[in-house]
Structures are given as C-alpha cells and as structure tokens.
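A.B. asks: My questions all concern the structure below.
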Amino acid sequence: MSGYLDASASMPLCAEARAAMLEVYDSFPGNPSSVHSYGHRARSVVEHARTQLADAFHTSPDAVVFTSGGTEANNLAVSGIALASPRGRRLITTAIEHPSMLETCRYLERVHGFALKVWGVDGFGRVVPQAVDVETTLVAMSLANAEIGTVQDLPDAAVPLVVDAVQAAPVLPASLLTDHWPGPRVAAMTVAAHKFGGPQGVGAVIFRPGVAVEPQMHGGGQERGLRSGTLNVAGIAGFGAAVEAVHRAGIGRRAVALMESRDELIAGILGAVPGVRLTGHPTERLPGHASFVFEQVSGEAILVALDVAGFAVSSGSACAAGSAEPSPVLLACGIDADTARTAVRFTLPSPLDSRTVDRVVEIVAAECARVE
C-alpha cells in the first residue's frame, strides 16, 4: 500500500489485528455477558485485549473502558467526568480540537450550564494556555492535531485534564504515568483502534484510577456500568492485537523512520512548489505528518491528481470530509479562508522510499505549474 498516504484518517489493517479478529469470527459466537462457556470464551478475549492496552499504556486493566471509537471515547471522557464532578462548572478547551471534543464541551455549556473558555493558538497551531482557576472542572485538549500535526505541551494545571491521544498514541509515548507527563493531572486519555492498524469502530478511554465518571450510555451495565451495550468482541480483539504489535515493534524506532520520510517529503514540496506553505509546527509535529496550503492552487485538484496517480491523501480531517467550509483549525492558525480551502495533508502509515517521495513531489509540482 505504498500509495496510501492517509494514515491519520485510518491505518491499514495490520496482520496481527486481522488474525485476532478472524479467530473470534471463526471460534467465539458467544456474547461476553452470557454465562455459558461460549460467553466465557468471548469474555476472555475481551479481557485479554484490555490487558494488552493496559500494558501498552502503563495502567491497570480496570482503567480501560471500551467504546465504539474515538468520538464516543471523547464524549464519555469529557461529559462523564464533568457531570460526575462539576466543581465550578467551568470547562476549558482549545480552538483546534476534534469536533468530538469541542462539540461535547459546547453541549455541556448549552444543556448543563457550564461556562466554556476556548484557548487560542499561535500561527503554528501551538496552544497558548492561560491561567487556570482551581475551580475549573476540567481542561480538554488533544496531544496532537490531526489536520496540521502539531504536538502540544500539556498544561501544568491542578485540575483534571482529558487528553485526546487518538492521533498521538500510535506514534508517540503516551500513558497516565507521571514519568511521561510529569506535571498535569491526566484524568483520562482516549485512543482509537484504527489509528494503530486495528479495525474501525472500536476505541477506548483510559481513566486514571479513582476518577468519578457519569455514564453516557445506559442499559445493561457493561464495562463496569460506564458504557452499556454488547461489546464488539472481534473488534476489541483486533484493537488489542494492533496496540501490542505497535508497541512490540517500538514506537520510538518507528517515529524516527517516519520523521526521516516526513522531512524528505516536506523539503521536496517546499523546494519544488512556489507559494506553498507548511501548516503546523515545523518540528514539533507528528512523525509521519506533512500538511500544506497553496497560493491560488486548488487543493482538491492536487488531491485528484495524486489519486489518479495512485496516491491517497486528504484535504484535512476525515470527519470534515465533504464540507465546503474552510477548516476551523487553519482559520484559528491565522490562515485566511481562501487559502485554508487549498489544504492538502499527507500522513504516512510507514516510511517511504526516496523514489516514492520524488514521485509525489513531481505530481504536486506539475499540478501547481499547470494552473499558474
């Protein structure tokens, strides 16, 4: 899949996840909540995956709550913690959050009377934090942005912090341990299977032990009452297998290899295309992430030209695909609306050889020259 350059939208399914899922489909017909032997076998698969995530993120299995994906995970983490311990009923988020984070905060503001403060960002997409009142209910923000790749420093505030690690966790060290994040009080971290090479439609919240959570889905009381609904056993098995495979291969080694390809691609496009601009931070960005805007060139035209040549790229977040509106993330970075509509994002699932990089640069440069 050397032409697939849209890993931030979804990684290709890895062999380990596929094998784990097929074993479930072929051997475990039971509901993990059932008391018969088939149900017990299904439950054992779920608990094994829970342990795989707990080991990867340095926590206990009881801290892992499975969801239907990153969006539900962010909803559960933010609303669940805020409604369980509202304190001063004040929320803080940032202007470049994923909609599942930002819109959950807006829901709490609109329906439950929370006061919402939105921190801005600088031109590189780095969050500009402000003072945090100790009565603030929580701060909700991402560790890295999907559209521009910028990696954030988490604020050192004495209030609960909900971290969207969906984009960052597959390529950067992330856990609730203080040796990774020495200052902040991380109350919850969210992850999604398909960013690791697992299946789509499965995610998890990793809660700090002892954090109070109000359930957002009600029913049979699965996941210790925090997330009701029949569990996706095969998907969860694939999730655990993918996370274990990524960590076994070594996140640091993969990150270094991705950075080398990323930097080669960035240098090639910046050197070959007049009027192109890298979006996001030039160095503090996801290892496999390169995103650009172009002067007077349609980003959609570049995307189509690459697609015709066999390269799949994106114009930004997959959750906003099809929208004619300029990206709120790029607008928050000070990019004007017309330029924001030209965005093209390359996110690498694996390192590229130099010939592939050269071919991508050639296509982009040719399309930009064609419309001059």
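The values are calculated or read from the model by the stated rules, or taken from the named source; none is laboratory data. Given the structure is predicted, the values throughout are model-derived calculations rather than measurements. All Cβ positions, even for glycine, are placed from backbone atoms using ideal geometry, and neighbour counts span all protein chains on display. All accessible areas refer to the heavy atoms of the entire protein, side chains included, with ligands and DNA or RNA removed. Shrake-Rupley method; radii C 1.70, N 1.55, O 1.52, S 1.80 Å.
A.B. asks: Within the chain, what whole-number % of the accessible surface is contributed by carbon and sulfur, with the 1.4 Å probe and all protein chains included in the calculation? All intermediate terms of the calculation are to be shown ahead of the outcome.
C.D. replies: Details: 8240 of 15500 Å².
Carbon-and-sulfur percentage of accessible area, whole number: 53.
A.B. asks: Measuring with a 1.4 Å probe in the full set of protein chains, what accessible area per residue, in whole Å², belongs to the chain? Don't skip to the answer; put the middle values down first.
C.D. replies: Details: 15500 Å² over 372 residues.
Dividing the accessible area of the chain by its residue count gives 42 Å².
A.B. asks: Just the Cα atoms of segment 1-116: what Rg and Dmax do they give in Å?
C.D. replies: 18.7, 51
A.B. asks: All other residues with a Cβ under 12 Å from the Cβ of Leu352 taken together, and with Lys, Arg as +1 and Asp, Glu as -1, what is their net charge? Please report the intermediate quantities before stating the final value.
C.D. replies: Numbers: positive: Arg262, Arg355, Arg359; negative: Glu260, Asp263, Glu264, Asp353, Asp358.
Overall, the nearby charge balance is -2.
A.B. asks: How far is it, in nm, from the label point at Ala267 to the one at Ser37 when both lie 7 Å from their Cα along the line to the Cβ?
C.D. replies: That separation, rounded to one decimal, is 6.2 nm.
A.B. asks: Normalised by the residues of segment 145-293, what does the relative contact order come to in percent, with Cα pairs under 8 Å and at least six apart?
C.D. replies: Reported relative contact order: 27 percent.
A.B. asks: Given points 7 Å out from each Cα along the Cα-Cβ axis, report the Tyr25 to Ala249 separation in nanometres with one decimal.
C.D. replies: 2.1 nm
A.B. asks: So for the chain, averaging the separation of alpha carbon pairs under 8 Å that are six or more residues apart and normalising by length, what relative contact order in percent results? Provide the component values of the computation, followed by the final result.
C.D. replies: Numbers: 789 pairs, mean separation 85.5, N = 372.
Relative contact order of the chain: 23 percent.
A.B. asks: Looking at segment 63-170, which GluC sites (Glu not before Pro) are in a loop (DSSP not H, G, I, E or B) and have at most 12 other Cβ atoms within 10 Å?
C.D. replies: Working: sites: Glu72, Glu97, Glu103, Glu109, Glu135, Glu147; in loops: Glu97, Glu135, Glu147.
Answer by residue number: Glu135.
A.B. asks: Right, here's the next one. Name the long-range amide H neighbours of Ser291: under 5 Å, sequence gap of 5 or more, or other chain; modelled H, no Pro or chain starts.
C.D. replies: Placed amide hydrogens put Thr279, Phe346 under 5 Å from Ser291.
A.B. asks: For a label point 7 angstrom out from the Cα of Arg277 toward its Cβ, which stretches of segment 122-163 have the backbone nitrogen within less than 13 Å?
C.D. replies: Under cut-off, by backbone N: 123-125.
A.B. asks: Testing the spin-label approximation: label points 7 Å from Cα along Cα→Cβ at His58 and Ser350. State their distance in nm.
C.D. replies: 2.9 nm
A.B. asks: Can you list the residues, at least 5 places off or on another chain, whose amide H is less than 5 Å from the amide H of Ser8, using H built in the peptide plane?
C.D. replies: When sequence neighbours closer than 5 places are left aside, the close amide H contacts are Thr347.
A.B. asks: Residue by residue, what Karplus-based ³J(HN,Hα) values in Hz, rounded to whole numbers, does segment 104-111 have, using 6.51, -1.76 and 1.60 with θ = phi - 60° and x for Gly and Pro?
C.D. replies: For segment 104-111, the Karplus curve yields 5, 5, 5, 4, 5, 5, 6, 9 Hz.
A.B. asks: Applying a 10 Å radius around every beta-carbon, put 31-41, 266-276, 286-296 in order of their mean neighbour count, most first. Spell out each step's value before the answer.
C.D. replies: Values: 31-41: 13.9, 266-276: 16.5, 286-296: 24.1.
Descending mean neighbour count gives 286-296, 266-276, 31-41.
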